[in-house]
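The values are calculated or read from the model by the stated rules, or taken from the named source; none is laboratory data. None of the values given here were measured: they were computed from a predicted structure. Every residue, glycine among them, receives a Cβ derived from its backbone with ideal geometry; neighbour counts consider all protein chains shown. The area values use the complete protein model at the heavy-atom level, side chains included, leaving out ligands, DNA and RNA. Shrake-Rupley method; radii C 1.70, N 1.55, O 1.52, S 1.80 Å.
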Amino acid sequence: MAPPLITEMPVETRQEAIRKVFELIEKEGAQMVDIRFVDFLGQQQHFSIPADQFEPDHFDEGVGFDGSSIRGWKSIHESDMLVIPDPTTAFIDPFFQHKTVVLIGEIHEPGTLEPFQRCPRGIARRAEQFLKQSGIADVAYFGPEAEFFVFDHASFDEGPNHAFYKIDSDEGAWNRGRHDSLGYKPTTKGGYFPVPPTDSLQNLRAEMVLHMEAIGIPVECQHHEVASGGQCEIDFRFQPLLKCADFLMNYKYIVKNTAWKYGKTVTFMPKPIFGDNGSGMHTHISLWKDEQPLFFGDRYAGLSQEALWFIGGILHHAPAVIAFTNPTTNSFRRLVPGFEAPVNLVYSARNRSAAIRIPVYSDSPKAKRIEARFPDPSCNPYLAFSALLLAGLDGIRNQIDPGQPVDRDIYHLSPEEQAALPQAPKSLEEALEALEKDHEFLLQGGVFTEDVIEAWIQYKYDNEVQQLRMRPHPYEFSLYFDV
């Protein structure tokens, strides 16, 4: 019995994809097949099967595992789960010693083979199906710009009587006075686009790009980013929602493992360095129907009315959406008014201080898109992209007016003018409260479920918000030890 999740794929297409997987195994002399899936919070998990034991039936029957060991999923009394690999996702792992074919899978219930409602990839698939069923569009393209830091050292620990972190980078501006320093270090907020030797990570990023291209991720550019201490960005070409989320997970995997090979470490944590720029993930979005762009028109900044309503939906639901696009307590160290992150829920052409920007690099209808600037790379992309899409579609269905654009530099508005602008939540707790109050738009088409929303809020509150609240912060000792 074919699993329900892929019934929209023609049988002939699916069988051809399966055949190509086994051709790839034979052609490459692969010894292992690595099956990967993404947990609730966005962490990749994996296990491997010897290639000579991997069979076509695995694409129909799946492979069993213990769901109670995965965060936010199953209790121990109902722990049996199945992962069914998607044959269209195959690639050769660039790091394993033994030649390995990788397949990305989705989670299903044993017996019935029904999709598991909390599987992030299944949620993204349902979001794409809902888009088509809506009749508004047949494809949503996403283009994330994920930033990250490359460090030469990272240590951290916490306990009842201690808490610390120590990160370091040979590029860090704080190391200019080190006895072995050769200079050429990006200054604080001075890391955007310098050539080597100030940019010491060119060769590392180039190798990351080559690995990405080798597994089918089309990279558009790579460069050093604004912050000192090794901040970088690699951009790949926009893709349909589900494929884009797959690519972003593979992107993270390649970035981390290439750095590890060089004796360095990478973090996608939004704000690892105090006093310098954090890492965002500006996300470009456009809708198409019958191969025609729907966001091009004769309204503000060359947008269509549908695009403006889409923006209206994102801005209206942004406090709830941010619970998925900025889902960590650390996310809100970056989302601070007056700094680099756009916390004001307004839109503008070209203006990078707005939460939604309309890029104007090109007049081509195919290039017309919007850019959500508040997301960060700590998110689970399957959930974040789905939430953004559903918010925008709700805007189109209900013709939500985004209001007037703000074309001035928001950072230079008067305090009174800034106070009048709607703002993003100031903490993860506020975002979770917004999600609890406003999530009906996420339930459309059965994309998210009440169970998914409740489980997300409960897990985040119990394991992150509450745990951080109970612990003294190191800076508090500087403030209060001598009270």
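Brief remarks follow.
- One residue stands out among those in segment 407-419 that are over 23 Å from V360 (Cα atoms) and open to solvent by 80 Å² or more (accessible area, probe 1.4 Å): the one that is modelled with the highest pLDDT, which is E416.
- Residues in segment 433-483 that are out of contact with any strand residue (DSSP E or B) (no Cβ under 8 Å at 6 or more places or on another chain), open to solvent by 50 Å² or more (accessible area, probe 1.4 Å), touching a residue at least 60 places away in the same chain (Cβ under 8 Å) and farther than 27 Å from K74 by Cβ: K437 alone.
- In segment 283-297, the qualifying residues are those that are outside any strand (DSSP E or B) and under 25 Å from the mean Cα position of the chain (by Cα), and the one that is nearest to A349 (Cα to Cα) is F295.
- Considering segment 27-51, the residues that are charged (D, E, K, R) and out of contact with any helix residue (DSSP H, G or I) (no Cβ under 9 Å at 6 or more places or on another chain) include one that is surrounded by the fewest Cβ atoms within 10 Å (Cβ to Cβ), namely K27.
- Inspection of segment 364-378 finds no residue satisfying the criterion of being buried (at least 24 other Cβ atoms within 10 Å of the Cβ), in contact with a Phe, Trp or Tyr (Cβ under 6 Å, 6 or more places away or on another chain) and either within 21 Å of I136 (Cα to Cα) or of a type in the set (A, V, I, L, M) (or both).
- Screening segment 325-342 for residues that are hydrophobic (A, V, I, L, M, F, W, C) and surrounded by fewer than 23 Cβ atoms within 10 Å (Cβ to Cβ) and picking the one that is farthest from A384 (Cα to Cα) gives F339.
- Test: residue in segment 307-324 that is within 30 Å of G190 (Cβ to Cβ), assigned by the TED database to the domain that holds I234 and open to solvent by less than 20 Å² (accessible area, probe 1.4 Å): yes
- Count of segment 252-284 residues which are basic (K, R) and under 15 Å from Y165 (Cβ atoms): 1
- In segment 73-94, residue surrounded by the fewest Cβ atoms within 10 Å (Cβ to Cβ) [restricted to those that are touching a residue at least 60 places away in the same chain (Cβ under 8 Å) and within 30 Å of N463 (Cβ to Cβ)]: T89
- Scanning segment 183-227 for residues that are among the polar types (S, T, N, Q), surrounded by 14 or more Cβ atoms within 10 Å (Cβ to Cβ) and closer than 19 Å to K256 by Cα turns up S200, Q202, Q222.
- In segment 358-374, the residues that are without any contact (Cβ under 8 Å) to a residue 40 or more places away in the chain and within 23 Å of the chain's Cα centre (by Cα): A367
- Selected residue (only one of R357, R352 is assigned to a loop (DSSP other than H, G, I, E, B), over 15 Å from P327 (Cα atoms) and either open to solvent by less than 10 Å² (accessible area, probe 1.4 Å) or not aliphatic (A, V, I, L, M) (or both)): R352
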